[in-house]
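Enquirer: First the structure, which I've put down as structure tokens, then a few questions once you've had a look.
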Amino acid sequence: MDMIVTVAAVIVVALVFDFTNGFHDTANAMATSVATGALKPRTAVAISAVLNLAGAFLSTAVAQTISGGVIKEGSSGVAITPTMIFAGLVGAVLWNLVTWYFGLPSSSTHALFGGLIGAAVIGAGFGAVDWGVLLSKVIIPALLSPFVAGAVALVATYAAYRITHNARVHGAESGFRHGQTVSASLVSLAHGTNDAQKTMGVITLTLISAGYLAGGSAPPLWVIVSCGLAIALGTYLGGWRIMRTVGKRITDVKPPQGFAAETSSAATILVSSHLGFALSTTQVTSGAVVGSGLGKRLASVRWGVVGRIAAAWVITLPAAALVGGLAAWIASASVIGLIGVAVVGLAAGLLIYGLSRRNPVNRHNVNENEDAGEPREAAPVGVGQEG
């Protein structure tokens, strides 16, 4: 009975994480489309939610990387308990909420892996983690993906302005806005194929560790459906704080840039999902937006904002690991410890939400740039042409 209750608690918290992943990463697909006026905010998040749900059914490669890859399980690996997974998820959820509050597009992926790794190391030792898989499937893609997406977006932006003769051809900007509807939709679909699977992998790992599934099993259909619905609901509610950062504070995005950034992001994420890389879609999108700024002559990138985002990327995994490890240490001690972790996690989440209500960001003010009155932090850079 205790095992059933613990597994149920893990599934609930995993779906809560999936929900926070949805509103945390809404900006990945729709920030540039909302910033350029290609889509109205509420329409954008509705489209993104539907396509996130659809994307969840396209593949399970990433889910199996998590359920049978980074954290070892089964007879040949080190046992990891549902309690450890629960603790790791608490760390991931809290980090997602903290970075959302500050409007930082940090990686939900790395928050999840950090929380799980910290909990597994504290609960079962360093041997519980397959460090080779972590390096090849998570760390290396994390280091390369922003630069790949940024380079593609830079070239695509430059080409877009050249082809349209400095974007002064009649209807060019309008055409790119229509194109953004398609490219943003592709990013949402790609996001569903990658990020929704991460929670599927966690729930599958929990069922395996509890003995309800055989080692190496793929996610059951009910897991796929519930994870797809959770991330879609979170997406529909809109992560407006992070959307403002990506769409307005990194660079002033114009329709050709938005189209280039979204197209390069979608291509990078879809290829990575096919290869089973648990990629940070946040890093891909942010890198693409920076690249689109560099690709347009006389557009400026606010490097101070980029620096803060990069700092959040660097500390996400260790910070979530620290919280996950501490939670695992407390939760593994007794049932009271497990309940205590749940109560503290809930209280911290409610506190962050309460603080966010003091300065709300919603669909009505998402395109207001709070840094608009500040001097730009870099001289104009780029290799493309300005419209």
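The values are calculated or read from the model by the stated rules, or taken from the named source; none is laboratory data. None of the values given here were measured: they were computed from a predicted structure. Cβ sites come from the backbone with ideal geometry, for glycine too, and all protein chains shown count toward neighbours. With ligands, DNA and RNA removed, areas are computed over all heavy atoms of the protein, side chains included. Shrake-Rupley method; radii C 1.70, N 1.55, O 1.52, S 1.80 Å.
Enquirer: Under 7 Å between Cβ atoms, at least 6 apart or on separate chains: pull out the pairs that start in the range 45-73 with a residue that is modelled with pLDDT of 65 or more and end on any residue that is buried (at least 22 other Cβ atoms within 10 Å of the Cβ) and of a type in the set (Phe, Trp, Tyr).
Expert: Note: pairs meeting the criteria are 70/113.
Enquirer: While we're here: Does residue 14 count as in a helix (DSSP H, G or I), under 17 Å from residue 361 (Cα atoms) and open to solvent by less than 10 Å² (accessible area, probe 1.4 Å)? Even if it seems obvious, please write down each step before you answer.
Expert: Details: in a helix (DSSP H, G or I): yes; under 17 Å from residue 361 (Cα atoms): no; open to solvent by less than 10 Å² (accessible area, probe 1.4 Å): yes.
No, not satisfied.
Enquirer: Taking the condition of being buried (at least 20 other Cβ atoms within 10 Å of the Cβ) and not in a helix (DSSP H, G or I), how many residues in the range 111-150 meet it?
Expert: 1
Enquirer: I would also like to ask the following. Anything in the range 151-169 that is buried (at least 24 other Cβ atoms within 10 Å of the Cβ) and modelled with pLDDT of 85 or more? List them, or say none.
Expert: Scanning the range 151-169 gives 153, 154.
Enquirer: Can you name every residue in the range 209-230 that is open to solvent by 20 Å² or more (accessible area, probe 1.4 Å) and within 22 Å of residue 90 (Cβ to Cβ)?
Expert: 209, 210, 212, 226, 229
Enquirer: Continuing with the same structure: Do the conditions hold for residue 204, that is, is it outside any loop (DSSP other than H, G, I, E, B) and touching an Asp or Glu at 6+ places or on another chain (Cβ under 9 Å)?
Expert: Numbers: outside any loop (DSSP other than H, G, I, E, B): yes; touching an Asp or Glu at 6+ places or on another chain (Cβ under 9 Å): no.
No.
Enquirer: Being surrounded by fewer than 24 Cβ atoms within 10 Å (Cβ to Cβ), over 14 Å from the mean Cα position of the chain (by Cα) and at pLDDT below 80 narrows it down to one of 233, 298, so name that one.
Expert: 298
Enquirer: For the range 1-55, give me each residue that is farther than 30 Å from residue 207 by Cβ and among the β-branched types (Val, Ile, Thr).
Expert: 32, 34, 36, 43, 45, 47
Enquirer: Looking at (1) more than 30 Å from residue 119 (Cβ to Cβ); (2) crowded, with 22+ Cβ neighbours inside 10 Å, find the lone condition where residue 303 falls short.
Expert: Result: residue 303 fails condition (2) only.
Enquirer: With the structure loaded, tell me whether residue 341 is part of a helix (DSSP H, G or I) and in contact (Cβ under 8 Å) with a residue 24 or more places away in the chain or whether it fails that test.
Expert: Spelling it out, residue 341 is indeed part of a helix (DSSP H, G or I) and in contact (Cβ under 8 Å) with a residue 24 or more places away in the chain.
Enquirer: Determine whether residue 275 is modelled with pLDDT under 85, in contact with a Pro (Cβ under 6 Å, 6 or more places away or on another chain) and either open to solvent by 70 Å² or more (accessible area, probe 1.4 Å) or among the hydroxyl-bearing types (Ser, Thr, Tyr) (or both).
Expert: Here the answer is no, as residue 275 does not meet what is asked.
Enquirer: So, restricting to helices (runs of 4 or more DSSP H) that lie completely within the range 212-315, which ones have at least 1 residues that are under 30 Å from residue 3 (Cα atoms) and hydrophobic (A, V, I, L, M, F, W, C)?
Expert: Those helices (runs of 4 or more DSSP H) span 221-237.
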